[in-house]
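Engineer: Here it is, the structure, as C-alpha cells.
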Amino acid sequence: MFTPSRKRSSNLPSSRRSAASLTPRAVSSLRNTSRTSLLRKSLVPRNSPAGNTTLLSSPTITTAFTSTHHTLQAYESSLPVLVTEAITLAEDISEISVKINAHGWCWLVCELKLFVWTNKQTSSKIPICKEIPLRPVAKSDDYDADLVSVDHDDRSGNLMVTVVSLNGKVTHWANILVTDRPNAETEVVLPTQIDQCFNITYVQPHGFILSTIHGTFFHLYPLQNVISWKQLQTSKGTIAGISRRVSSFFFSSAAQTDNVLQVFCVGGKVQGEYEVIVLSQTLLQRWKVVFSNGKETLGPLQMTAEIDLVQILLPRLSNIIWHDNKPSAKIWPIDARQATKHGAVAVMVAITESVDSSSLPMHYAVCVIPNLNNLNEINVILLQHTRLYSKNSESELLSYELVVDNPIARSLQHFAIWCSDKIILRSVASGSDDVVEDNVPFNSPGDRILGAGQCDGQCIFLSALNDLITSSCSFDSHLPSFLEESILNTSNLVMQSPPQPSRSMSSIPGTPVMTQAKMEQLESSENCAQRLQAAFLYYCRLNLEQAQSLVSEAFSTEDAVKLLDSAVECVSCNLIDDYPAQDPRWAESVPRDVAVDHSASTGSMILLHQLEDKQKAHSLFLKFLAEVNIWSRLSFIRSGRDKTVTRWKLSEHAEKLQAAISLVQKHPSHQVIVDASIRRALDARGKLASITGLTQRDFFYREVSKVDEIFEYLLEEEEKLLMKSSLSSREKATIISGVNSVFESMLGSARHCRKAHALEDADRRVERIPWTVKSGHINIRNTVIQQHKRIVERGILEAEDSQQKAILYQSLVNLADLILDGYQEQLMSLSFDESKSSRKAEVKELYEMHRLELIGPILAIGQKEKAAFLAEKYHDFDILVTLCDESHDHERMKPYMRRFAAQGFAKFLFNWYLERKEYRKLLACCDDDMTNQQELKVFLKHHPKLAWMHQVKSGDYLEACDTLKHIADQEKDSAMNKKNYLSLGKLAAVFSDNDKETIRRKTEVIDHEQMLLKYQETLPSSVYETLTASLDCAPVYSPTKLIELYIGDLNQHANEVDFKKAFELLDYITGDSSENTRMTELDEWKLYIWCRAILKDNWQDVDTSSDPFESCSHTVLFKTLKLAYDTDTLPDIMPEVNSLLGRSELEELGKDPKFEFLMRASFERVQRMMVPSTA
C-alpha cells in the first residue's frame, strides 16, 4: 500500500513530507490559463545534463514519451472533471494530498473536500467520482489522504469511506454510492492526546488499524451506526525484551525521540492473522496481530522481528559507495513498502559521508530484505540519483517516497522514488548488466507530483498538470505487448479457465480483472501448465528471478515433477496453436475464455507475420526452459504405449512452425492446389461448418501442430488434377513441379530448423522418428516416395522441354535427399542401444531398399552426377563403384577410398571386384596409395589365393612363401595344385632378400611336403586304375591314406618296396595329440604294416623241418625285413613279437603252432643279426 506525500505539522523536522521544499504555483496563472495550455507549457523539453542518469524535462503525457530506458504515458483513464477543477482552483497546491490504492481507487483531499474516484472503467462504462464535504476542524487539526480509507465490500457491493483527522476524529460512510440514505455518516473521537494520527489501513473484513506518529495503534471496527475502537497493547514478555528506547517508542504518551515513518499491513498465513510492518527513524519492526470475528483482537501485539537499520545498513552502504567503512557517515531510513508476495520488505534510505560538510553528495538506496529474521540476504540497490547534502535542505532531501510496481510479485521488478518535482524510475529485472534508471523532472511552473501508487503491476503518478500518468520500462518484455497479451489470454486453453469475477465484483470499478489479475490467476492455478506459462511470461518480462521462483514452486513436489514433461509439451503446443486474438475477424471464433478487446490491437493481420510472431514466442520459450533449468530435467512424453523424448517434441513444434511459414510463402504461387488441399484437411477435421467471417487459410494456419496433414491431401489433389484430360502435358508437368516445390520447401525448412537446433544431449535410448518421416497416422515418408515415383513415371514423360525436365530432375534429388536424411537420423538413434539391434537391422534393410529405389531411377535416366551426389552423401557405394567402373574412371575411386575410409568404402570395393572375379582390377586398385595398400593387404588375408599375388607384386616374397605354403596345406582337391603352390612358395623363398638360414628353413619345410607328394606320384599305376583316377587330377592323399594304398587291398601286387615306402610314410603322420600318444599311434601303424606283409603269403606251405629262415625267404615279410636290414631302417621298425602275434589280424594264423614257431624263430634270428650292426 502506498503513502503519498502530504502536509505535516512543523514540529516534525525529520518528516519527508515537509511542505517547505515544495514550490507553490501562481494561482493567478492557473485561473487565467486553460488546462490545455498548462499541459503544453509543461511539455517544453530541455537538454539532459552530463552524467550517467538520464534527466528529462516534464514529459509530454498526451502522447507517449520515451526516455533512455523508461516510458511515461497517460494512464488508461482520464482524471474526472471535478478533480481537475479542484486541483486547478486550489489556493495552495501543496495543501493537496492524494492516494492511489492497488484496487484502482483514488482519493484527493483538498481543504475540506474529499474526492473519491476510480481510475478504471465500470461495467456500465460510466465513471464514478464522488465529492464528499468534510466537517471543519480546529486550526491545529487537518485532513490528509493517508488518513482516508476507501474500500469495497465484495458481499454487499458498498463502497465504504473512513476519514480520520490528524487529531483523531473518525468519520465513516458505509456506502458513498448511496447518497439519499439517512445516517450514512458515523463519527467518533479517539483519545490521541497530543499524538498525531499517521495513517489508516483497512484489514478486510476486520475493520481498520490506525497508527499515530509516535507508535500508538488502534483497532477500529464500524458496526451499523457505531464505530467501536480499541487501543492495541503489547505483551509484557515482548516489552521486557525490548530496549528502553524502543519500549518508549511504542504505545507511550511521553515525549518521543523516534518517529514513525511508515506503517503497512500484510495478510499472514493464517486467516485472521496480520503482520504490521513499522518503519521508524532507526528501526524496522514486524508485529503480529490476530483477529477473531472482526470485533476483537486475540491477545496483544507480538513483535516477531526487529532490525536496527542504522547498524545493519550503514557499513554495507559505506563499503558499496566508498569501498570503506566511514564512521562519520549518517544514514536516514525514509520509506518502506512491501516488495514481494513472500513478505520481502523494501526500505528506502539516504546516506551521506558526513553531515558537517555541505558539499558532499546524498546517496539514495533501496534495500530489499527478503526475510526480516535473516539479514544475510539483504539486496542493496544503489540509485544513481544523488543530491548535495545541506543541513538547511535536509527536509527536502528526505521528502522522497517509494512506490513498488507490483508488491505481490515473486520478486522486485520495478520501483520508483519520487518527490514533488521529480520521479526516479528504476528497473531491477532488466535482463542486462546495465543500470536501468531514469530521472524525470516535473519542474514546469505550476506542476508537481501530488501523489503516487500502484495498480495492476504499474506505478501510477498524479501530476498537477498532466493528470494520471504511468511508467513502464523500455525493456519490459522480450515480446511485443500484443503477443504477450495473446499468450496470456490463450492460457485458459491449457486447462479449464480460472473462475471469472462475480457480477457484483466486475460491476464495481477498480476490481483487478485485467492483465495483472490474469497473471495472478495463472500463478495460483493448480494446473502445472498454467503456472509454467505464467513463469514464461515473467521471463518474457525480463524477470528471471520471479520466473525461476515460480517454476521451483510449481514443480516442488514429486507428483508435480511427474507432470513436468506434459506441462512443457502442453505450453509449447499452446504457443504454436495460439489464436490470433489480435485479429478482430477471430472475435466470434475464439473461445469465450480467450476473447479479448480488439479495439486497440497492434498485432498483425497478415498470416505470415502471425506465424513469425508465434515462432519468436516459441523460440523464447525454449530459451526460457534452458535458463530456468527445466531443459536438462526433461525426459519423455507417453502416448499410449509409445513414448517420445520431450525435447524432440519441442523441436517438432519449432520445425512445424518453420514448415507452416514456408507453406504460407509458397501458397500464392500454387494457390489452386494448396487451397483445395487445405479444404480437404479442414473437412476431415470437421471444421468447414464453423468457419464464419474467416478464410479457410486462417483456420488451417492457426493450428500449426496439424500442418503436416497437408501432405497427403496435396498428393490426392495432384492425382485428381492429373486425371483431367483437358490439361496439356506442360500443365501436368507444372502441377507436379508445384507439389514438389511445396514438399521441398516445407520439409527442407523443417530439416534445416532441426539441424540448427541439434539435440545431441537428448536421450539415446529411444528411437527417433522425425515428424517429417511419420507423424501419428500420417506416413510422410511413404507420401514423398509416392511423389518421387510420380515424377519418374509421369512427370518426366510429360515434360516438354529441357527446362521443365531439369526442374524435375532436381526435385528427384531433393525429395530423395529428404527421405534418406530422415532414415539416417532414425538409424543414428538406434545405434546407441544394443538391445535395439534387431530393430536397427530392420530399419537399415528398409533404408537400403528405398535408397536403391530413389537413387537408381536417377542413374537410369542418365543423371549420373546427381546420382553420384546422393550416393556420396548416403554412402551408396554400389552406385559409386558402378559409375566409376562403367566410365573407366578408376582414378575417381582413390578419393572415395580416402573420403569414406571410416565407412568401409575400400572393403566394399574389394568385395565388389572379388564377386565379379575382377582380380586384376582388385590387385591394381590401390597402386600408389600406401594406406589403401595396407588395407588391401589386410583384406586379402581372408583370400590367400589372391594375397600371395599381391605380396609378390609388393616384393614381400617371404610372406608370399608363407601364404603359398598355407594354401598348399589347405589344398585337398588337387595334388597337382598343391605341388604347384609348393613350387611357387619355394621359388618365392629363394627370391626373397632374407638371410640364407631363414630361406633354408623355409625350403626344407617345402621339400618335406613335396616329398610326400612324390610318394603319391609313385603309387603303382594299378592303384590309379583301380581308383579310376589319373595322376593329374588325383586329390591330395594323407600319409595314412597313402599307406593304405601302398599295402592295402587295392595294391594286389604289393612287394617289399611298397612296404618299405609304407614304413617311410610313418614320418609324415602328424597330429595334435601328445608325443606319447603319437608314438603309440605309430607303433600301431607299424604292427599293422607287418601284419599286412605277413598276410601277403600262405604260411601253411612253409617247411619247418629245415632252416626256418631259409624256408621263409620267399615271403614278402622276409623280403621286407631284408630290405630294411640292408637300408639300416630295420631297428626303427622292428616289431615286438608278442605284440605282433597278439594282433587281431593274425588271430587265425596264431592258432597254428607252426606259424608261431616260424615267427618267433625268424625274428629271433633277425634280432641276433642286428646286434653286431648296432654295436
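Engineer: Just need a number here: residues in the stretch 649-684 that are free of Cβ contacts under 8 Å to residues at least 24 places away in the same chain and open to solvent by 20 Å² or more (accessible area, probe 1.4 Å). Please lay out each step first, then the result.
Structural biologist: Of all residues in the stretch 649-684, those free of Cβ contacts under 8 Å to residues at least 24 places away in the same chain come to 668, 671-672, 675, 679, 682-683.
Those left that are additionally open to solvent by 20 Å² or more (accessible area, probe 1.4 Å): 668, 671-672, 675, 679, 683.
Total satisfying the criteria: 6.
Engineer: While we're here: Given the criteria assigned to a loop (DSSP other than H, G, I, E, B), out of contact with any Pro (no Cβ under 7 Å at 6 or more places or on another chain) and either modelled with pLDDT under 95 or within 30 Å of Arg730 (Cα to Cα) (or both), does Ser831 qualify? Reasoning before the result, please.
Structural biologist: Working: assigned to a loop (DSSP other than H, G, I, E, B): yes; out of contact with any Pro (no Cβ under 7 Å at 6 or more places or on another chain): yes; either modelled with pLDDT under 95 or within 30 Å of Arg730 (Cα to Cα) (or both): yes.
When the stated conditions are applied, Ser831 passes them.
Engineer: Give me the pairs: first residue in the stretch 336-356 and more than 22 Å from Ser524 (Cβ to Cβ), second residue open to solvent by less than 20 Å² (accessible area, probe 1.4 Å) and of a type in the set (D, E, K, R), beta-carbon distance under 6 Å, and six or more apart or on different chains, which are they?
Structural biologist: These pairs meet every condition: Ala346/Arg337; Met348/Asp335.
Engineer: Based on this model, can you work out whether Glu1009 counts as assigned to a helix (DSSP H, G or I), touching a helix residue (DSSP H, G or I) at 6+ places or on another chain (Cβ under 7 Å) and of a type in the set (Asp, Glu)? Explain how you work it out, then say what you get.
Structural biologist: Details: assigned to a helix (DSSP H, G or I): yes; touching a helix residue (DSSP H, G or I) at 6+ places or on another chain (Cβ under 7 Å): yes; of a type in the set (Asp, Glu): yes.
For Glu1009, the condition - assigned to a helix (DSSP H, G or I), touching a helix residue (DSSP H, G or I) at 6+ places or on another chain (Cβ under 7 Å) and of a type in the set (Asp, Glu) - is met.
Engineer: When the stretch 963-975 is examined, which residues are found to be surrounded by fewer than 20 Cβ atoms within 10 Å (Cβ to Cβ) and closer than 19 Å to Met949 by Cβ?
Structural biologist: Residues satisfying the conditions are His966, Asp969, Gln970, Glu971, Ser974.
Engineer: Can you name every residue in the stretch 798-820 that is open to solvent by 50 Å² or more (accessible area, probe 1.4 Å), part of a helix (DSSP H, G or I) and not aliphatic (A, V, I, L, M)? First the steps, then the outcome.
Structural biologist: The initial filter retains those residues of the stretch 798-820 that are open to solvent by 50 Å² or more (accessible area, probe 1.4 Å), namely 800, 802-803, 805-807, 810.
Remaining after also requiring part of a helix (DSSP H, G or I): 802-803, 805-807, 810.
Hits for the stretch 798-820 are Ser802, Gln803, Lys805, Gln810.
Engineer: Of the conditions (1) in a helix (DSSP H, G or I); (2) open to solvent by 20 Å² or more (accessible area, probe 1.4 Å); (3) of a type in the set (Ser, Thr, Tyr), Tyr701 fails just one. Which one is it?
Structural biologist: Exception for Tyr701: condition (2).
Engineer: If you scan the stretch 551-560, which residues turn out to be surrounded by 15 or more Cβ atoms within 10 Å (Cβ to Cβ) and β-branched (Val, Ile, Thr)?
Structural biologist: Scanning the stretch 551-560 gives a single hit, Val551.
Engineer: Given the conditions (1) more than 35 Å from the chain's Cα centre (by Cα); (2) among the polar types (S, T, N, Q); (3) more than 29 Å from Leu727 (Cβ to Cβ), and given that Ser802 satisfies all but one, which numbered condition is not satisfied?
Structural biologist: (3)
Engineer: Tally the residues that are open to solvent by less than 40 Å² (accessible area, probe 1.4 Å) and either at pLDDT below 90 or within 16 Å of Leu650 (Cβ to Cβ) (or both), restricting the search to the stretch 764-797. I'd like the intermediate steps shown before the answer.
Structural biologist: Residues of the stretch 764-797 open to solvent by less than 40 Å² (accessible area, probe 1.4 Å): 766, 768, 770-773, 775, 778, 780-781, 783-785, 787-788, 790-791, 795-796.
Still in the list and also either at pLDDT below 90 or within 16 Å of Leu650 (Cβ to Cβ) (or both): 766, 768, 770-773, 775, 778.
Number satisfying all stated conditions: 8.
Engineer: Within the stretch 303-318, how many residues turn out to be among the hydroxyl-bearing types (Ser, Thr, Tyr) and part of a strand (DSSP E or B)? First the steps, then the outcome.
Structural biologist: Of the residues in the stretch 303-318, the ones among the hydroxyl-bearing types (Ser, Thr, Tyr) are 304, 318.
Checking which are part of a strand (DSSP E or B) leaves us with 304.
Matching residues across the stretch 303-318 total 1.
Engineer: Within the stretch 398-431, which residues are under 32 Å from the mean Cα position of the chain (by Cα) and of a type in the set (D, E, K, R)? Spell out the reasoning first.
Structural biologist: Initial filter on the stretch 398-431 (under 32 Å from the mean Cα position of the chain (by Cα)): 406, 408-414, 427-431.
Passing the criteria: only Arg410.
Engineer: I need every pair where a residue in the stretch 775-804 that is under 18 Å from Glu825 (Cα atoms) has its Cβ under 8 Å from the Cβ of a residue that is surrounded by fewer than 16 Cβ atoms within 10 Å (Cβ to Cβ), sequence separation at least 6 or different chains.
Structural biologist: Pairs that qualify, where the first residue is under 18 Å from Glu825 (Cα atoms) and the partner is surrounded by fewer than 16 Cβ atoms within 10 Å (Cβ to Cβ), are Ile785/Glu853.
Engineer: Given the structure, is Phe869 aromatic (Phe, Trp, Tyr), modelled with pLDDT of 90 or more and within 23 Å of Lys953 (Cα to Cα)?
Structural biologist: No; evaluated as a whole, the condition is false for this residue.
Engineer: What strands (runs of 3 or more DSSP E) lie completely within the stretch 436-479 and have 3 or more residues being closer than 20 Å to Tyr538 by Cα, touching a strand residue (DSSP E or B) at 6+ places or on another chain (Cβ under 6 Å) and of a type in the set (A, V, I, L, M)? Working first, answer last.
Structural biologist: Values: elements: 436-441, 449-455, 458-463, 467-473.
Answer list for the stretch 436-479: none.
Engineer: I need the full set of residues from the stretch 821-859 which are closer than 24 Å to Pro895 by Cα and open to solvent by 30 Å² or more (accessible area, probe 1.4 Å), in order please.
Structural biologist: Going through the stretch 821-859, the residues closer than 24 Å to Pro895 by Cα turn out to be 821, 824, 848, 851-852, 855-856, 858-859.
Residues satisfying the conditions are Gln824, Glu848, Arg851, Leu852, Leu859.
Engineer: With the checklist (1) more than 30 Å from Trp771 (Cα to Cα); (2) in contact with an Asp or Glu (Cβ under 8 Å, 6 or more places away or on another chain); (3) surrounded by fewer than 19 Cβ atoms within 10 Å (Cβ to Cβ) in hand, flag the one item Leu880 doesn't pass.
Structural biologist: Of everything listed in (1) more than 30 Å from Trp771 (Cα to Cα); (2) in contact with an Asp or Glu (Cβ under 8 Å, 6 or more places away or on another chain); (3) surrounded by fewer than 19 Cβ atoms within 10 Å (Cβ to Cβ), Leu880 misses just condition (3).
Engineer: A follow-up question, please. For the stretch 1099-1175, which fully contained helices (runs of 4 or more DSSP H) count at least 2 residues that are farther than 21 Å from Asn1055 by Cα?
Structural biologist: Numbers: elements: 1108-1111, 1116-1126, 1130-1133, 1137-1141, 1153-1174.
In the stretch 1099-1175, the matching helices (runs of 4 or more DSSP H) lie at 1137-1141, 1153-1174.
Engineer: Still on this model: Provide a single number: the residues in the stretch 537-550 that are buried (at least 24 other Cβ atoms within 10 Å of the Cβ) and touching a helix residue (DSSP H, G or I) at 6+ places or on another chain (Cβ under 7 Å).
Structural biologist: Number of matching residues: 6.
Engineer: Hey, can you tell me all the residues within the stretch 105-129 that are of a type outside the set (Phe, Trp, Tyr), at pLDDT 90 or above and crowded, with 19+ Cβ neighbours inside 10 Å?
Structural biologist: Cys106, Leu108, Val109, Cys110, Leu114, Val116
Engineer: Now for a different question. Residues of the stretch 405-426 being farther than 16 Å from Val440 by Cα and buried (at least 24 other Cβ atoms within 10 Å of the Cβ), which ones? Explain how you work it out, then say what you get.
Structural biologist: Our first condition is that a residue be farther than 16 Å from Val440 by Cα; within the stretch 405-426, this holds for 405-413.
Matches in the stretch 405-426: Asp405, Asn406, Ala409, Ser411, Leu412, Gln413.
The values are calculated or read from the model by the stated rules, or taken from the named source; none is laboratory data. All values derive from a computational prediction rather than experimental measurement. FYI the Cβ positions are ideal-geometry reconstructions off the backbone, even for glycines, and counts take in every protein chain you see. Quick note on the areas: whole protein, heavy atoms, side chains included, nothing else; ligands and nucleic acids left out. Shrake-Rupley method; radii C 1.70, N 1.55, O 1.52, S 1.80 Å.
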